[in-house]
Amino acid sequence: MNGVVILGAGHAGSQLAVSLRAEGYGGPVTLIDASDALPYHKPPLSKTFLMDPEARPQPLRAAQAYEAAGVMRLTGRVDAIDPAARTVTLAGRLLPYDDLVLATGARNRMLPDLAGAANVHCLRDLADAQRLRDALPGAQRVTVIGGGFIGLETAAALAGTGRSVTVLEAAPRVLARVAAPETSARVEATLAGLGVTLRTGWVGRGWRRESDRVTAIQGDGEEIACDLVLVGIGAEADTALARAAGIACNRGILTDAGLRTGAPHVWAIGDAAETPHWQLDGAAVRIESVQNATDQARHLARQLATGWTEPFRTVPWFWSDIGPLKLQIAGLAARADRRILRDEGARMAVFHLEGDRLVAVETLGSPADHMLARQMLEAGRTPPDGVLLEGPAAIKGWLAAA
Amino acid sequence: MPMITFVEPDGTLREVPALAGESLMAAATRANVAGIIGECGGSAMCATCHCYLVSGDLPAPGPLEAETIEFVAQNTRPESRLTCQITATEALEGLVLQVAPR
Ligand SMILES: Cc1cc2nc3c(=O)[nH]c(=O)nc-3n(C[C@H](O)[C@H](O)[C@H](O)COP(=O)(O)OP(=O)(O)OC[C@H]3O[C@@H](n4cnc5c(N)ncnc54)[C@H](O)[C@@H]3O)c2cc1C
Ligand code: FES
C-alpha cells in the first residue's frame, strides 16, 4: 500500500494530513512541501508579522501532531507527476501513490519589468515576509502596487510603523472586484486615517531605476519616489505540474464537485483547485481563503478514508484585517443584483441579494452580523429587508421564530 | 516565560510555557494542547481557541472577543475566553484555563 501523497503542506495539505487519520484512514500519509518550515498560518504574514521584528511564524499545528497522526513529512519541490504510473518525482526520486492530492496553492503575479529588482517585493510565503521585514529598516517611503487584500493589509501595517505608504490602484476604488462600493469607501477612509496615501485610477507609465533598484514609479506627468515597492496584484493557481501531466486546468486545476481532477486517483484542493460551486449553479470557481482550503481538506479526508462521497458544499467565508478594521465576507456576491446597506458608523453590513435571495454579506466591525449571515446562507433563508436593516438582534429573532 | 495550565477535554492537565508577547492560543498550539485548533490564526473569527477561565486574573474581553464568543462559540459560559485574544505577560503566571467542548 502506497497510501495518500499530498503535494503542498499549506493550510489545505496540512489539514488533510491530520484529518485523514482522524477519519480513520489506515494507510501511509506523505506530506511534501518545497519548504522545510513547520507548516504555518499565512494570514498573519501581511498583518502582525511585519510590524514586530521579533514575531515568529505561527505553526498551524505542533510537530507532534503530525507524528501522532503518523504523517511522514518530506521536503523538496516535486517536478513531475505521472497519473498513469501513479508516481511523483521528488528530487529525482520516484515516489508511488494510491491517491495523489494537489494542494500546491497559488503564486503571486509579478510585473515582469520589476522582477529581480533588489527593492521590489511580493508577499505569499514566509520567505517573502522575512525578506520584506528585513528590508524595512532602510525603507521610509513604501509604494504598494495594487489595492487588493494583501496590499491594503500590508499598507495599513506599515503605516502603523511610521512609514510613509502610498497605494497605487488602477481601478476607481480599492477592492473593486471583491467588495461593494460602500465597503471600499469605508476601507479607503480608514486607510486615509492611518496616513496612507491612496491613488485610485492610477495609470502607470513606467519606472525609474538606479542600478538594481526601483527609485520611482511614473504615472501621468508625475513620479512617486520610493525606497521599497510591494507588488500586490493578485495570485494565480500553480497549475504547471497538472498541465504537464495532461490534467485539465482553467484558472485552477479543474475538479468535479467531489474534488476529483480529470485523472483517476488525483484530487485537488485549496487555492490550486477550481471547483463547481453550489451558489453559482455549479459553475466552477477558484477561491483563495483559509476556510475553503481547510473545509475542502476535511471533505476530501472523509472521502478518501471512508469511501463516502458527496458534493463539496459549504458557505464560503473570509476575513481581512486592514489596520483596526475587520472586514468579513460570507457567501459569493458574483450574481447579486441589488444590495441593502446598514451603516451604523463603527459597524456596517452590506447584504447582497439575487432577486429575493440573500447570496452574500460583507460586514465591517460586526462579527454578529457575519455569523448570522453564515447561518442564513447555510439554511437558504432570507429575512425581509426591514429585518436585515434593523440589526443582529432582529435577524437572530427572525431566524429563531422559524 | 509565564507557565499557563490548560485542562484538556479529557481532564489532562498541561503546563505550557508562553513566550512574552505571543497569544495563549499560539502557546497552546505549539505545545499541541488537545482541543485548541486556532483555525483563523488568531483573528477572533473561529472560536476554535475557546477556553473557560478557571483561575487567575485577566482583563475583561474587548468588544470583538465578546461578540465572537456570543455568536460563534458553543457551550459558552460567563468565564468564556478566546485564548487568541490574550497576550502572554509575566503577570499571567499560574493562569488556569479549561478547553471548552465543541
Ligand atoms: C499574505 C497572505 C495573507 C492572507 N490573509 C488571509 C486572510 O486574512 N484570510 C483568509 O481567509 N485567507 C487569507 N489568505 C489566503 C490563504 O492563506 C490561502 O487561501 C491558503 O493559504 C490556501 O491554502 P493552500 O493549502 O491551498 O495553499 P498554500 O497555503 O499556499 O500552500 C501551498 C503549499 O504548496 C507548496 N508547493 C507548491 N508547489 C509545490 C511543489 N511543486 N512541490 C512541493 N511543494 C509545493 C508551497 O510551498 C506551499 O507551502 C492570505 C494569503 C496570503 C499569502
Ligand atoms: S484562533 Fe480563531 S478565534 Fe481564536
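Give the value in nm², to one decimal: projected area of the alpha carbon convex hull of chain B, averaged over all directions.
Its Cα hull, projected and averaged over all orientations, spans 5.4 nm².
Return the average number of partner chain Cβ atoms within 10 angstrom of each residue Cβ along peptide A:361-368.
The mean count of partner-chain Cβ atoms within 10 Å per residue comes to 3.
What's log10 of I(q)/I(0) for segment A:333-401 at q = 0.16, 0.18, 0.22, 0.25 Å⁻¹, Debye sum over Cα points only, no solvent?
For the requested q values the scattering log ratios are -0.45, -0.58, -0.89, -1.18.
Pulled fully out, how much extra length does the chain show between A:Gln218 and A:Leu341, if you take 0.36 nm times their separation in residues and subtract their Cα-Cα distance?
Residue separation times 0.36 nm, minus the Cα-Cα distance, leaves 40.5 nm.
How do A:Asp369, A:Asp36, A:Asp227 rank when sorted from fewest to most other Cβ atoms within 10 Å of their own Cβ?
If I rank by nearby Cβ atoms, fewest first, I get A:Asp36, A:Asp227, A:Asp369.
What does the charge dipole of segment A:76-198 about its Cα centre add up to, to the nearest 20 debye, if the Cβ of each Lys and Arg holds +1 and the Cβ of each Asp and Glu holds -1?
Value, rounded to 20: 240 debye.
Hey, what did segment A:333-401 get for relative contact order, percent, Cα under 8 Å, at least 6 apart?
24 percent
Could you compute the FRET efficiency for A:Asp385 and A:Ala283, with r as their C-beta to C-beta distance and R0 at 30 Å, rounded to 0.05?
Efficiency for this residue pair is about 0.65.
Using the basic label-point model (7 angstrom from Cα toward the beta carbon), what is the A:Ala393 to A:Ala62 distance in nanometres?
4.3 nm
Please report the spacing between the Cα centers of segment A:324-402 and segment A:240-308 in Å, no decimals.
Spelled out, the Cα-based centre of one part sits 28 Å from the other.
Starting from the Cα-Cα distance between A:Arg93 and A:Ser35, subtract it from 0.36 nm times their residue separation and give me the gain in nm to one decimal.
That pair, A:Arg93 and A:Ser35, stretches by 19.1 nm at full extension.
On alpha carbon coordinates alone, what is the Rg over Rh value for the protein assembly as shown, Rh being the Kirkwood radius?
Here Rg/Rh amounts to 0.96.
Can you sort A:Arg243, A:Arg56 so the residue with the fewest Cβ neighbours within 10 Å comes first?
Going from sparsest to densest Cβ surroundings: A:Arg243, A:Arg56.
For segment A:299-353, state which chymotrypsin sites (Phe, Trp or Tyr not before Pro) are in a DSSP loop and have at most 16 other beta carbons lying within 10 Å of their beta carbon.
Sites meeting the loop and neighbour criteria: A:Trp308.
So how do A:Lys47, A:Lys396 line up by other beta-carbon neighbours within 10 Å, fewest first?
Ascending number of Cβ neighbours within 10 Å: A:Lys396, A:Lys47.
Treat every Asp and Glu Cβ in segment A:333-401 as -1 and every Lys and Arg Cβ as +1, leave all other atoms uncharged, and give the resulting dipole magnitude about the Cα centre to the nearest 20 debye.
120 debye
DSSP loop (so not H, G, I, E, B), at most 14 other Cβ within 10 Å: list which GluC sites (Glu not before Pro) in segment A:3-107 pass both filters.
Those that pass, being in a loop and sparsely packed, are A:Glu54.
Can you give the Rg to Rh ratio for segment A:110-231, taking only C-alpha atoms and Rh from Kirkwood?
When Rh is taken as the Kirkwood radius, the ratio is 0.94.
Read-outs: derived from the displayed coordinates by stated rules, not from any lab. In this text the structure is predicted, and so the values were computed from the model without any measurement. Please note: Cβ atoms are built from the backbone with ideal geometry, for glycine as well, and neighbour counts cover all protein chains shown.
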